[in-house]
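Enquirer: Just dropping this structure here.
The values are calculated or read from the model by the stated rules, or taken from the named source; none is laboratory data. Remember, it's a predicted structure, so these values are computed and weren't measured experimentally. All Cβ positions, glycine included, derive from the backbone under ideal geometry; neighbour counts span all protein chains shown. Areas reflect the complete protein model, heavy atoms only, side chains present, ligands, DNA and RNA absent. Shrake-Rupley method; radii C 1.70, N 1.55, O 1.52, S 1.80 Å.
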Amino acid sequence: MAGAAHCSLQAKRLLLDPKFEGYKLSLEPLACYQLGLDAAVAEVQLRDDQYTLDHMRAFGMYNYLHLDSWYQDNVYYVDQFGRVMNLSVTLDTALQKPREVFRLPSDLTACDNRLCASIHFSSPTQVTLSDGTGRLYLIKSGKRGNNASEKWEIVFNEELGSPFIVAHSVSFVKSDTHSLAVLLLRVEKDELDTKGSGFHITLEWVTIAEISKEGVHKYEIIKRRALQGKSVPHYAAIEQSGDGLMIVSHKPFKFMEDENDKLEENDDTKVLNEKKDPLYYWQQTEDDVTVTVHLPQDITKDDIKVRFSPDNICVTLRDQPPLMEGKLYSSVDHESCTWIIKENRSLEISLIKKNEGSRWPELIVGDTRGEFIMDPSQCSKIAESLMHLTSEVMNPNPEKEKPPCNAQELEECDAFLEDGASLCRFDGDTLKVTHIINLGSNQYLFSVVVNPREMPCFCLRHDVDALLWQPHSDQPENMWEHIATFNALGYVQASKQDKKFMACAPDYSYAALCECLRRVFIYRQPTPLATVLYNRKEGRQVGQVAKQLVATLESNDPILGFQATNERLFVLTTKTLFLIKVNSGN
């Protein structure tokens, strides 16, 4: 990754609300409709040999309900008879039973090591489908969600090795040739891994093109490439042009090439995996940042050069290459910045923040060689300031300043497993990483398709908020755009220990999460009040309020699928499909 550009995600200040006061529990009734299924969902239980956390993330927490983003309120699932069932909603009060649109040709029960069947909608008329046994289908569907014209026809099907699930697919035209790129995910046994889980994750990038031979048009595989990593990616998507790939993962992925490259790759990996001490340590308060660098014994004060500018820092020792150099996360008052040599042979640098009160997630943009040390007093102060953001009960007493937040302390519900997560962009031609972002503690939450002609968006936690990012592969200067914010959702979701799925409306009007059983939580964006409401403590008028709603499903079956549209939430259990009306249509 030496040639990769180290980038950072730039949040739009206008989309942040520092004065957000929390969600108010609303008791307004939610219309909930339920449809009994003719046959149970084709749920595949984890086998005894699928015991790792990666197996659970990839297959145990699989979303069996598939949303067709090309058509409004159109969902699909596969039942135990191998039938692809569709529900298309136009009117809640006139719901019809899910209907069969396709039946998998193979007998699913005949394969002992099969995975769950998976579906992805590549275009308004094409679908990629896996039966979970290792066979990939390309379907020509016609216009979907319409009883009259929807007819699924197989135009390509081929056995591609061990079982996989379809992670993503795109349809594009290049040089007058129609092509599809499909991303397949496998968790495979790794005989060489004796210290880890004993498994590795493979992402296979398959390109299928329509080829004309003697006047006959048929689809054939023209390229197969594989990436390998040690953790299931949170997010993996192919660019709409088919030229690149973006992955959010806890551990890095690399393309697998020929044997010579593999030997070089192994040497590089050994070097990377050798545990190195941090180059520097840094702490911060609301006003300043303190950086500590341990110095070699023979370095004197005259050997040190520290250069400050409003947005950059450069530290050099003697005539060597810069020890630290790069763009600071935020601006500093460079004329007030200082440095001294401490008695313990360390260099201490003090940076004065220009924007007081802001918290820096990193010191130098893209530099992962330092380690952040948080003061225990800061932890308790943050916990105290966040306790008011959500509550399971209404707060009828406006005098009460900060109602409790579910009894969890910040330190418990804020513990991230994904501290080392990164976002990488791979080039399809060179197979190299072109851009990398160290996500640090920006925990991945969920992904959503806002516009089916763009890449899926991903939602990350930033402090207490959840920020939605839209990738733009065709805009190098604005490759990841901050398009929406769900206030305090990052903190709120952390307190839901039984959560299974998260989603949001494509128009950002609400976010939602469900637990493993029965309960669904909905968090609306702040909306203007119809009546005048005053905050008595601060003596000011409150113009808008954000509501939290809770729906309880009349089912004891586990939730297997969860999808959100602008108007509705779809919740799939083993034998029932629930529709929760969240917003009324225009």
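Enquirer: With a 1.4 Å probe and all protein chains left in place, how much of the accessible area of the range 39-233 comes from carbon and sulfur atoms, in whole percent?
Expert: Here it works out to 49 percent.
Enquirer: Among 283, 338, 293, whose Cα projects farthest towards the positive end of the dipole of the range 280-368, with charges put on the beta-carbon of Lys, Arg (+1) and Asp, Glu (-1)?
Expert: Value: 293.
Enquirer: Using only protein heavy atoms and a 1.4 Å probe, report how much of residue 292 is accessible, in Å² to the nearest 10.
Expert: The accessible area of residue 292 comes to roughly 40 Å².
Enquirer: Here is a further query. Going by Cα centres, the range 480-532 and the range 278-346 are how many Å apart?
Expert: Using only Cα atoms, the two centres lie 41 Å from each other.
Enquirer: Taking 28 Å as the cut-off for C-alpha to C-alpha distance, list the pairs among 496/581; 151/230; 140/174; 151/213; 218/432 that go past it.
Expert: 151/230; 218/432
Enquirer: With every protein chain present, what is the per residue accessible area of the range 280-368 (1.4 Å probe, Å²)?
Expert: 55
Enquirer: Same structure, new question: How much accessible area per residue does the range 39-233 have, in Å², with a 1.4 Å probe?
Expert: 45
Enquirer: Related question: Quick check: with the 1.4 Å probe, what order do 150, 356 take by accessible area, largest first?
Expert: 356, 150
Enquirer: Can you list the residues, at least 5 places off or on another chain, whose amide H is less than 5 Å from the amide H of residue 30, using H built in the peptide plane?
Expert: The list, which skips near neighbours in sequence, is empty: none.
Enquirer: With contacts defined as alpha carbon pairs under 8 Å and 6 or more residues apart, what's the relative contact order of the range 280-368 in percent?
Expert: 32
Enquirer: Give me the extension gain from residue 555 to residue 243: residue separation times 0.36 nm, minus the current Cα-Cα distance, reported in nm with one decimal.
Expert: Full-extension gain reported as 107.8 nm.
Enquirer: Now for a separate question. What is the distance in Å between the Cα centroid of the range 1-71 and that of the range 196-262?
Expert: 23
Enquirer: Show the residues, 5+ positions off or on another chain, whose built amide H is closer than 5 Å to the amide H of residue 440.
Expert: So residue 440 has HN proximity to 421.
Enquirer: For residue 481 and residue 99, calculate 0.36 nm times their separation in residues minus their Cα-Cα distance, and state this gained length in nm to one decimal.
Expert: So the chain would gain 133.7 nm between residue 481 and residue 99.
Enquirer: Using the Karplus equation 6.51 cos²θ - 1.76 cosθ + 1.60 (θ = phi - 60°), what ³J(HN,Hα) coupling, rounded to whole Hz, does each residue of the range 436-446 give in order, writing x for Gly and Pro?
Expert: Going residue by residue, I get 9, 10, 7, 7, x, 8, 7, 4, 6, 10, 6 Hz, with x marking Gly and Pro.
Enquirer: Also: Determine how large the accessible area of residue 143 is when every protein chain is in place; take a 1.4 Å probe and give Å² rounded to the nearest 10.
Expert: 140
Enquirer: Per-residue HN-Hα couplings for the range 224-238, Karplus 6.51 cos²θ - 1.76 cosθ + 1.60 at θ = phi - 60°, whole Hz, x for Gly and Pro?
Expert: 9, 10, 10, 10, 10, x, 10, 8, 5, x, 6, 9, 8, 8, 8
Enquirer: I would also like to ask the following. Rounded to a whole number, what % of the accessible area of the range 280-368 do carbon and sulfur atoms account for, probe 1.4 Å?
Expert: Ligands and nucleic acids excluded, carbon and sulfur give 44 percent.
Enquirer: Also: What's the FRET efficiency of residue 309 with residue 191 using the Cβ-Cβ distance as r and R₀ = 45 Å, to the nearest 0.05?
Expert: Efficiency computed from Cβ-Cβ geometry: 0.30.
Enquirer: Additional query: Leaving ligands and nucleic acids out of the surface, order 152, 205 by accessible area at 1.4 Å, largest first.
Expert: The ranking, largest first, comes out as 152, 205.
Enquirer: Can you give me the long-range amide H partners of residue 312? Hydrogens built in the peptide plane at 1.01 Å from N, cutoff under 5 Å, separation of 5 or more residues or another chain.
Expert: 328
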